[in-house]
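Q: Below you will find the structure I want to go over with you.
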Amino acid sequence: MLNFYDVKPIDGFKISIDIPGSKSISNRALILAALSGKQVILENLLFSDDTKYMIEGLKILGNDINISEDKKTVIVNGLTNRNFGEKEIYIGNAGTAMRFLGSYIATGVGSITLTGNARMKERPIEDLVSALISLGVEVKYLEKTGFPPIKIVSKGVYANSVTIDTTKSSQYVSSLLLSASYFNNPLEIKLQGNTVSKPYIDMTLKMVEQFGGTITSKDNSFMIIPKKYNLKNYIVEGDMSSASYFLAAALIGNGTVTINNFFKDSIQGDRDFLNILCSIGLKIINFEDKEITVQGIKSYEGIDINLNDTPDVAQTLAIVGLFANSPTTIKDVENMRIKETDRISALNNEISKLGATFIEYQDGFKIIPKSNFEYSPADIETYDDHRMAMSFSLAGLRIPNIRILNPECVSKTFPDFFAQFEKIYGRFND
């Protein structure tokens with residue numbers, strides 16, 4: 001196990017890297033395939049900690065899931081009779097698995113305990129639990145009210161309507177949207193509050209449609225008609241969040257980067273990060289169906305932006321802001337505080353070590369860069385948060401003596417991130 005990763009400054013490089021399949025799409029596809037009750041072949045699925053927890057959880061519940069030796073395909077034979085019995089599922093700190101499995105369990109009969117690690121027990125789930133209870137599902141908190149672990153006792157869902165708060169996480173409504181086609185009656189889902197990360201809901205709607213479900217939307221609500229999923233084969237897009245680090249590396253390091261598995265017609269909201277970086281100077285050299293080449297520039301300005309739709313790229317943009325010629329302000333990202341760590345506070349801690357001025361707000365932050373970019377060397381704490389490790393590796397492209405502590409936390413979503421990163425220095429460790 002690596003205790004740290006040394007990053008070395010570099011000015012100008014040319015690389016071609018491969019990004020893994022999307023975590024968000026992979027976990028949705030696994031749920032949809034399992035619900036279908038048929039054989040579904042999933043290609044380009046992400047193999048990481050988060051998807052492994054999802055796969056293991058679905059297997060514990062009785063689904064037959066087989067992974068090819070080259071890990072290029074997964075064959076899901078979904079359970080046709082969802083009689084789960086009494087089980088316990090441990091999902092580490094995989095928030096997507098915790099939330100999506102909750103509604104999946106509600107489609108069947110059983111008594112299931114969902115638990116995780118210490119941080120998972122600090123991440124709120126009350127809005128989803130309240131929605132499930134209003135649908136007639138029995139849910140008990142086993143430790144602290146509002147947080148995992150929870151015990152779900154389900155006999156199926158027969159209700160016709162539910163209201164869910166989406167101010168903390170879009171995953172709560174995505175959880176219901178994925179599974180509602182297998183509830184017993186048509187269901188109206190009404191959204192309450194200022195919805196965060198809305199593009200992830202749009203992604204869910206698109207995937208349910210691709211798998212054969214029927215969802216109609218009106219104002220701030222969705223109507224789902226019970227219908228069996230029928231898709232036999234699905235290709236998972238490359239992960240736009242994972243791509244963000246190498247798009248930013250090109251800009252920060254004045255490099256040329258070709259990213260393979262980058263889908264031009266992506267259904268992921270984080271695809272907009274490309275547009276954000278282009279607005280401050282990143283150049284697109286070539287853009288094909290599943291490949292893009294970009295080139296950085298020597299100097300660029302900061303940005304003032306609302307990232308409510310795409311909070312997972314906020315840490316990457318924060319590091320981009322360190323080397324801008326003017327301040328960068330990121331707004332409306334309060335839900336960053338309930339991710340793998342409190343990401344706003346963690347950014348404050350680590351960016352302050354470097355010597356930049358970080359102004360923390362409840363729902364965002366401002367970075368005022370040093371005029372000469374002469375930052376201090378530092379050991380970067382990652383807080384067991386994959387996005388802290390990957391984003392701060394970019395800082396080391398300009399700042400000498402940056403060490404990323406606990407670099408293996410990237411296994412959550414991008415296990416070979418540092419092998420790909422090594423290509424920047426001409427070292428190929430794939």
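The values are calculated or read from the model by the stated rules, or taken from the named source; none is laboratory data. Remember, it's a predicted structure, so these values are computed and weren't measured experimentally. Note that each Cβ is placed from the backbone with ideal geometry, even for glycine, and that neighbours are counted across all protein chains shown. For the accessible areas, the whole protein counts, side chains as well, though only heavy atoms, and no ligand, DNA or RNA atoms are used. Shrake-Rupley method; radii C 1.70, N 1.55, O 1.52, S 1.80 Å.
Q: Estimate the FRET efficiency between ASN160 and GLU301 by the formula 1/(1 + (r/R0)^6), using the beta-carbon distance for r and 41 Å for R0, to the nearest 0.05.
A: The computed FRET efficiency comes out at 0.20.
Q: Give me the distance between the Cα centres of the range 65-97 and the range 296-319, rounded to whole Å.
A: 35 Å
Q: Leaving out ligands, DNA and RNA, what percent of the accessible area of the range 35-95 is carbon and sulfur, probe 1.4 Å?
A: Ligands and nucleic acids excluded, carbon and sulfur give 43 percent.
Q: With θ taken as phi - 60° and the coefficients 6.51, -1.76 and 1.60, list the Karplus ³J(HN,Hα) couplings across the range 323-336 in order, rounded to whole Hz; mark glycine and proline as x.
A: For the range 323-336, the Karplus curve yields 10, 7, 8, 8, x, 10, 10, 10, 10, 6, 10, 4, 5, 4 Hz.
Q: With +1 on the Cβ of every Lys and Arg and -1 on the Cβ of every Asp and Glu, and nothing else charged, how large is the dipole of the range 304-430 about its Cα centre, in debye rounded to the nearest 20?
A: With Lys and Arg at +1 and Asp and Glu at -1, about 380 debye.
Q: Need one number: nm distance between label points at ARG403 and SER326, each 7 Å from Cα along Cα→Cβ, rounded to one decimal.
A: Placing both labels 7 Å along Cα→Cβ, they lie 3.8 nm apart.
Q: In addition: Just list whichever of LYS198/LYS423; LYS168/LYS264; LYS198/LYS232; LYS52/LYS423; LYS38/LYS121 have alpha carbons separated by over 32 Å in the model shown.
A: Numbers: LYS198/LYS423 34 Å; LYS168/LYS264 29 Å; LYS198/LYS232 28 Å; LYS52/LYS423 27 Å; LYS38/LYS121 34 Å.
Over 32 Å apart, Cα to Cα: LYS198/LYS423; LYS38/LYS121.
Q: Oh, and also: At a Förster distance of 51 Å, what's the computed FRET efficiency of LYS232 paired with SER376, Cβ-Cβ distance as r, to 0.05?
A: 0.40
Q: Something else: Given the Cα atoms of the range 173-293, and with Rh set as the inverse mean 1/r over their pairs in the Kirkwood sense, what is Rg to Rh to two decimals?
A: My calculation of the ratio gives 1.08.
Q: What chymotrypsin sites (Phe, Trp or Tyr not before Pro) does the range 116-224 have in DSSP loop regions with at most 16 other beta carbons within 10 Å?
A: Those satisfying the criteria are TYR158.
Q: Next question. Quick one: accessible area per residue over the range 222-343, 1.4 Å probe, rounded to a whole number of Å²?
A: Per residue, the range 222-343 has an accessible area of 34 Å².
Q: Could you report the range 62-177's accessible area per residue, 1.4 Å probe, as an integer in Å²?
A: Result: 39 Å² per residue.
Q: At 0.36 nm per residue, and after removing the present C-alpha to C-alpha distance, how many nm does the segment from ILE338 to ASN184 gain when stretched out fully?
A: Working: separation 154, 0.36 × 154 = 55.44 nm, distance 3.28 nm.
Length gained, ILE338 through ASN184: 52.2 nm.
Q: May I ask which residue of THR310, ILE344, THR256 lies farthest towards the positive end of the charge dipole of the range 197-348, with charges of +1 (Lys, Arg) and -1 (Asp, Glu) on Cβ and the Cα centre as origin?
A: The one lying farthest along the dipole's positive direction is THR310.
Q: Related question: Between the helical axis of 198-211 and the dominant principal axis of the chain, each derived from Cα atoms, what acute angle in degrees is found, rounded to the nearest 10?
A: That helix lies at roughly 50 degrees to the long axis.
Q: How much net charge surrounds THR115 when only other residues with a Cβ under 15 Å from its Cβ are counted (Lys, Arg +1; Asp, Glu -1)?
A: In short, +3.
Q: Please compute the contact order of the chain in relative form: average sequence separation of alpha-carbon pairs under 8 Å and at least six residues apart, divided by the residue count, as a percent.
A: On the way: 1020 pairs, mean separation 76.5, N = 430.
18 percent.
Q: Along the Cα→Cβ direction, 7 angstrom out, place labels at ILE133 and ASN286. What is the inter-label distance in nm?
A: Inter-label distance under the simple model: 5.7 nm.
Q: Next up: With springs connecting C-alpha atoms under 10 Å apart, model the chain as a Gaussian network and identify which of PHE273, PHE373, PHE323 has the largest mean-square fluctuation.
A: Result for the chain, Cα springs under 10 Å: PHE373 fluctuates most.
Q: Run the dipole for the chain about the Cα centre, Lys and Arg Cβ at +1, Asp and Glu Cβ at -1, nothing else charged, and hand back the magnitude in debye, nearest 20. It would help to have the intermediate numbers written out before the result.
A: Working: 45 positive and 50 negative charges, 127 e Å.
Rounded to the nearest 20 debye, it is 600 debye.
Q: Relative contact order of the range 240-281: what whole-number percent is it, with Cα pairs under 8 angstrom and at least 6 residues apart? Walk me through the numbers on the way to the answer.
A: Details: 22 pairs, mean separation 22.0, N = 42.
52 percent.
Q: How much length would be gained if the chain were fully extended between ILE359 and SER221, taking 0.36 nm per residue of separation minus their Cα-Cα distance, in nm to one decimal?
A: Going from the current span to full extension adds 46.0 nm.
Q: Go ahead and set up a Gaussian network model of the chain, Cα springs under 10 Å, then flag whichever of GLY116, GLY102, GLY193 fluctuates most.
A: GLY193
Q: Also: So, with a 1.4 angstrom probe, what is the percent of accessible area on the range 144-270 that is carbon and sulfur?
A: Of the solvent-accessible surface of the range 144-270, carbon and sulfur hold 48 percent.
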